[in-house]
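The structure appears below as structure tokens.
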Amino acid sequence: MKRKAFLLFLLCLGTFTSLMAKDVVSGQVFDKDTKDPIIGATVLLEGTSIGTVTDLDGNFSLNFAKTSVRKVQISYMGYVAQVLSFTNSKTDLGKIYLEPATIGMKDVNITASIVRRDRMTPIALSDVKVDVIENKLGNQEFPEIMKSTPSIYATKGNGGFGESRISLRGFGSENIGMLINGMPANDMENGKFYWSNWAGLSDVTQQIQIQRGLGASKMGISSVGGTMNIITKSTDAKEGGSLYTSIGNDAQLKFGFNVSTGLMSNGWAVTLAGSRNSGDGYVMGSNFEAYTYFANVSKMIGQDHRLSFSAFGAPQWHNKRSTAYTIEQYRTNQDGRRMNLGYGLLNGEITGGAYGYNEYHKPVLSLNHFWNINEKSSLSTVAYASIAKGGGRQSYGNGKNWLAINNNTGLPYPETKLTETGLLDYDAVFQANKESLTGSQAVFTNAVNSHNWFGLLSTYNTTIWEKLNVSAGFDGRFYRGRHTQEITDLLGGEYFLDPSPVYGTSSSTPLYKGDIVGFDNTGEVIWAGIFGQAEYSTDNYSAFISASVTNQSDRNHVPGLAPVDGKQVSQFVNFQPYSIKGGFNYRFSQHHNAFINGGWFTRAPNFRNVFKNFSIELNKGVKSEKVGTIEGGYEYRSKNMNVTVNGYYTQWRDKGLVKSFGQYTANIPGVNAQHWGVEVEGKYKPLHNLDLTAMFSFGDWTWMDNVEFTMYDENQKPVGTYNAYIKGVHVGNSAQMTAALGVNWNPFKNLRLSADWTWAGKNYADFDPTNRTKPEDDVDSWRMPNFATLDLGISYSMKIAGLDARIFGNAYNVTNTNYIADARDGADHNAATALVYYGFGPTWATGIRVNF
């Protein structure tokens, strides 16, 4: 009897399950171009609040038993929404492909070496999508959107607009390959990436892919720590646009627009965007004003060709802190962590003193040609140009310290002119200059960094035997950067006499606004490289190998210095950096895969290290740097969970450093470092409307050897040989332990809540090797206290006059954590002598975006 009852129960249960299954519509959502599953796409029964989101494999299932609606709307930010019909007899919609909202993203991804996250590429990578940028960035600095990525440490630097900095696995931006739409963006002379030059980049960014370690870039770029691919807006697929505005702490105000014709029937498309951002700044005396403009004009030529012209720029000016201060100075100053001693009021306007102001404009123009040769082959070519000018304020002359703060102590100089309230006293400086019988004793100058940069990047891609993909290309660049110091303000005097004149002038020559003082030199870099990669992929494994070789030629012009042997232009100095790397990935079940990769590459020394003290004299000890790395990882992936674990070891040899202070220059050759660590990253989706994320990274990044270096005087003659005690000292201003937890919850239709907790530890103060020359300096740098911050976010989508709109709000460091973000090691290598920058206290932003 019990057996019959049990069988009857199973029969009823099966019947109920079968009936329920008939009332469920399902499908799997993919990116049309990359064929990757789209995670978190919204699926709604049209006109209702009944919906769900796709899981980690792009799958969804939605019960429609309580409604007569038989249409689903599928949408995801950055893609064109689709509305699909279904019937009671056909509820499996199969594979659904959403078209990117930007035309030609597949072609851009090839140029930029963006890789698919389909568990087959043997590298460690993380993605930041456009919805994260729009919902969470607010008024933060652009790099901070990446702070929840393993082994990344991002700070606001000195607190000025665009003065942020980022490190990856202990390497600064000069050792990270920075690409914008595949175009190299690191400075051609020192390798750095200045975020203030790209301050409006977040307004037009579609995606950021962080490839840690070797990465997938085929070019011979400076990716010691990794590669950051920033993909911007291109040609919008649909007609329409948006207007948006936001406000934030300290009078921050931003507004902007985006408008597009979409792809018209004649094959043309035009997209325009622009914004303005201004505010007083969190730090005292750090007001700013910034603009962004973007334009794209594209033309489809038949089915196989597309031409696309883009122009992007972000002109800005901002006041900033000129130096860091001691912890005791912050504690005793009424402004606390907002403290800034390096500004004053000039004609009623906030005016930064020496090193307290920056302005720059770096427009980039590019012409892209995408050619689908056939079903298996394509050619992507981009020609680009950047003509930039800007610089930072300095004070100059015998009275230069009147408007300066001592960078080594954080204190005013004895001769610094201050008001009773502690601000820089411009009235006193003007009066002293007016009374001088020999012209201004102190003037403001702009340390100009202008450049003309032209490049050509072409990549051929083809598929052989279906499973073998081969690509090859050319990377050519020409860079000419001029560095001068121009008088911008005589500060009340009638003229200026330069005590250290550039070549061709004398100390008795009256100089005026626009004249050159101090230095005048021009660096040229010619770069020509070829690269190639082969990737073999099956359902269960993939392998790749790539190589590149480059010729880099450096030349220095020094019209500001006296000729050497009748010359003011050096010969070209040539370097031939190369790279070779490979990797293997194996998927040994539906849920598990593992990878390993390794590589070796050399790179040319930075331009600054090639020539002695900005002269045409070759630094004979300079040589190419060498980097070797190996990495392995494991990934578990299921319907609702994704976890990756990887470990790495990198050794960096023969790094060259050149340090200048006063009339002396230190040439520090053969510096070696090792970086190893472990990274864990995971995502869990317990409910269709709830995402949980987590990250942890541990690294140990240290300098390997004490080094001997020679000090030179201003005449390039050696004055002594010293030891730098840096063996075992940890890499500075790069938190070597980080962790993050994130929650993204959609409690009901159109409402999104988020919380992000980040933690940083094992963070050491940065240091100068030339300040570690005594045996008692043979200790580690000061270790900063660990800290954690919590950010909250909310957004709500709605209709305004029939238009889609979204309001949003973000609050950062809501727990008001008082923490040190960056530090410079002091004489005693402890907290008392360190110079530091504190992180910001609570800040906020709120705004609205309306789409039409």
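The values are calculated or read from the model by the stated rules, or taken from the named source; none is laboratory data. This one's a predicted model, so the numbers in the text were calculated from it and none came from an experiment. For neighbour counting, all protein chains shown are included, and Cβ atoms are generated from backbone atoms with ideal geometry for every residue, glycine included. These accessible areas exclude ligands, DNA and RNA; they are computed on the full protein's heavy atoms, side chains included. Shrake-Rupley method; radii C 1.70, N 1.55, O 1.52, S 1.80 Å.
Taking the alpha carbon gyration tensor of region 720-773, multiplying each eigenvalue by 5 and rooting it gives semi-axes of 46, 9, 5 Å, largest first. Rounded to whole Å, the principal axis extents of the Cα atoms in region 305-368 read 65, 30, 16, largest first.
Of F474, F86, the residue with the largest accessible area leads and the full order is F474, F86 (1.4 Å probe). Relative contact order of the chain, taken over Cα pairs closer than 8 Å and 6 or more residues apart, is 9 percent.
If every alpha-carbon in region 183-282 counts as one equal scatterer, what log10 I(q)/I(0) does Debye give at q = 0.17 1/Å? Those come out to -0.97, one per q. Two numbers describe the Cα atoms of region 420-576: Rg and Dmax, which are 26.3, 83 Å.
Rounded to the nearest 10 square angstrom, F584 shows an accessible area of 90 square angstrom against a 1.4 Å probe. Dipole check for region 162-223: with +1 at the C-beta of Lys and Arg, -1 at the C-beta of Asp and Glu, and the Cα centre as origin, the magnitude is about 300 Debye. A cut-off of 5 Å between modelled amide H atoms, ignoring neighbours fewer than 5 places along the same chain, links G518 with V502. The phi torsions of region 721-737, fed into the Karplus equation with coefficients 6.51, -1.76 and 1.60 and a -60° offset, translate into couplings of 10, 9, 9, 9, 8, 10, 4, x, 6, 6, 4, x, 6, 9, 4, 8, 10 Hz, rounded to whole numbers, with Gly and Pro shown as x. Between the beta carbons of S797 and L692, assuming R0 = 22 Å, the FRET efficiency works out to 0.50 to the nearest 0.05. Note on W527: accessible area approximately 30 square angstrom, rounded to 10, probe 1.4 Å, nucleic acids and ligands left out. GluC sites (Glu not before Pro) within region 400-476: which are DSSP loop residues with at most 13 other Cβ atoms inside 10 Å? Of the GluC sites (Glu not before Pro), the ones in loops of region 400-476 whose Cβ has at most 13 other Cβ atoms within 10 Å are E415, E420, E466.
Considering all different alpha carbon pairs of the chain, the Kirkwood hydrodynamic radius works out to 29.1 Å.
For the residue pairs K581/K655; K71/K683; K66/K749, alpha carbon separations beyond 28 Å are given by K71/K683.
Screening the chain for whole DSSP H helices of 15 Å or more along their axis (Cα) with average Kyte-Doolittle hydropathy at least -0.5 returns 2-22.
Candidates N786, N763, N816 compared by Cα position along the dipole of region 725-852: farthest toward the positive end lies N816, with charges placed on Cβ. Rounded to the nearest 20 debye, the dipole magnitude of the chain is 2880 debye, with +1 charges on Lys and Arg beta carbons, -1 on Asp and Glu beta carbons, and the Cα centre as origin.
Can you compute the helix-only [θ] at 222 nm over the chain? Use -39500 (n - 2.57) per DSSP H run of at least 4 residues, normalise by all residues, nearest 500 deg cm²/dmol. Rounded to the nearest 500, it is -2000 deg cm²/dmol. The value of relative contact order for region 479-598, using C-alpha pairs under 8 Å at least six residues apart, is 21 percent. Sparse packing (at most 16 other Cβ atoms within 10 Å of the Cβ) combined with a DSSP loop state is found for the following chymotrypsin sites (Phe, Trp or Tyr not before Pro) in region 682-748: F748. Here the gap between R70 and E617, fully extended at 0.36 nm per residue and compared with their Cα-Cα distance, gives a gain of 189.2 nm.
If the segment from S553 to T463 were pulled out straight at 0.36 nm per residue, it would be longer than the present Cα-Cα gap by 29.0 nm.
Accessible surface of R480, taken over heavy atoms with a 1.4 Å probe and every protein chain present, rounds to 90 Å².
If R0 equals 22 Å, the separation of the Cβ atoms of D654 and A528 corresponds to a calculated FRET efficiency of about 0.40.
Given the pairs K513/K620; K620/K727; K299/K639, which are separated by over 30 angstrom at their Cα positions? Table pairs above 30 Å Cα-Cα are K513/K620; K299/K639. The length gained by stretching the chain between T538 and F519 to full extension, at 0.36 nm per residue less their Cα-Cα distance, is 1.0 nm. Quick note on region 357-444: its Rg to Rh ratio, both from C-alpha atoms and Rh being the Kirkwood radius, is 1.43.
Note that region 605-622 has calculated 3J(HN,Hα) couplings of x, 4, 3, 4, 8, 7, 10, 6, 6, 6, 9, 9, 7, 6, 7, 5, x, 6 Hz, one per residue in order, obtained from phi through the Karplus relation 6.51 cos²θ - 1.76 cosθ + 1.60 (θ = phi - 60°); glycine and proline are x. What the phi angles of region 179-194 give under the Karplus curve with 6.51, -1.76 and 1.60, with θ = phi - 60°, is a coupling list of 10, 10, 6, x, 8, x, 10, 5, 4, 6, 9, 10, x, 6, 10, 8 Hz, glycine and proline written as x. Given a 1.4 angstrom probe, I'd like the percentage of the accessible area of the chain that is carbon and sulfur, rounded to a whole number. Solvent-exposed carbon and sulfur of the chain make up 56 percent of the total. For the peptides 495-506, 199-210, 804-815, 308-319, residues were scored by their other Cβ atoms within 10 Å and the scores averaged per peptide; the highest-first order is 199-210, 308-319, 804-815, 495-506. Using only the C-alpha atoms, the convex hull of region 349-401 corresponds to 136 Å³ per residue. The residues of region 197-324 have, on average, 31 Å² of accessible surface per residue, using a 1.4 Å probe with all protein chains present.
Note on region 530-635: Cα Rg divided by 2.2 N^0.38 Å, N the number of residues, gives 1.66. Taken over region 263-388, the percentage of Cα pairs per 10 Å bin, counting from 0 up to the bin with the maximum distance, is 11, 26, 21, 16, 13, 10, 3. Loop-located GluC sites (Glu not before Pro) across region 493-602 with a Cβ neighbour count of 14 or fewer within 10 Å are E494, with loop assigned by DSSP.
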